[in-house]
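To start, the structure itself, in structure tokens.
The values are calculated or read from the model by the stated rules, or taken from the named source; none is laboratory data. What you see is a predicted model, and the numbers here were worked out from it, not measured in a lab. Ideal geometry is used to build each Cβ from the backbone, glycine not excepted, and the neighbour counts take in all protein chains shown. Ligands, DNA and RNA are excluded from the accessible area calculation, which covers all protein heavy atoms including side chains. Shrake-Rupley method; radii C 1.70, N 1.55, O 1.52, S 1.80 Å.
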Amino acid sequence: DVPSADAAVLEHFIVVWAFQEFLKWEKEQKPEYLMSEFPVASVIYGYAGTGDLLVKIDGKIVLIDFKLAKDFYKTWLLQLDAYDIAILHTYNVQIDEHWILLFNKKKKKLEIRKSNFDPVRFNLFLSLKDTHKQLEVNGYL
């Protein structure tokens with residue numbers, strides 16, 4: 001599907017706005033960039049993905065995930081817990097904090113949600129991953 005000209009223009013303005021918000025955040029936080037768009041994997045648990053950004057802020061290693069949406073979804077935290085473990089397995093790097101940088105289209109502002117690794121959430125992620133695999137194997141997906 002080719003977006004209409006109006007939709008393409010609107011999307012352009014949203015991307016420009018999000019980038020400007022990121023630049024403000026960058027100026028305030030002064031992150032030391034470690035990696036961006038980097039592969040992660042856990043052979044032990046059998047999953048892989050791509051991390052958005054790994055930085056050091058105030059001496060802490062921070063895993064950052066960018067989201068462009070109208071609201072915050074708690075399920076995003078499961079992804080960060082999974083990436084936390086995968087980064088440990090892939091790079092032997094211990095993550096101190098997870099940050100979601102939500103470019104909130106509804107509120108027209110950048111929201112930062114911070115969290116830490118939660119083993120209960122990680123086990124939930126593993127259960128969901130296993131359930132998805134069973135659905136796939138049995139022809140439901």
(request) Go through K114, K74 and list them by solvent-accessible area, largest first, probe radius 1.4 Å. (result) K74, K114
(request) May I ask which of K24/K105; K56/K106; K74/K129; K70/K114; K30/K129; K56/K108 have a Cα-Cα span longer than 25 Å here? (result) K56/K106; K30/K129; K56/K108
(request) Please work out which option in (i) 31; (ii) 46; (iii) 41 gives percent of Cα pairs over 27 Å apart calculated from these coordinates, and answer with its label. (result) (i)
(request) Using a 1.4 Å probe and counting only protein heavy atoms, arrange K60, K27 so the residue with the most accessible area comes first. (result) K27, K60
(request) Express in whole angstrom the spacing between the alpha-carbon centres of region 13-32 and region 87-141. (result) 23 Å
(message) Which order do you get for V137, V93 if you rank them by accessible area with a 1.4 Å probe, largest at the top?
(response) V137, V93
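Kindly rank 123-133, 99-109, 79-89 from highest to lowest mean number of other beta carbons found within 10 Å of each residue.
Details: 123-133: 13.7, 99-109: 16.0, 79-89: 21.2.
Taking the mean over residues of other Cβ atoms within 10 Å, the ranking is 79-89, 99-109, 123-133.
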(message) I'd like the carbon and sulfur percentage of the solvent accessible area for the chain, probe radius 1.4 Å, heavy atoms only, ligands and nucleic acids excluded.
(response) 57 percent
(request) For the chain, return all DSSP H helices satisfying: extent of Cα atoms along own axis at least 30 Å; mean Kyte-Doolittle hydropathy at least -1.0. (result) 5-29
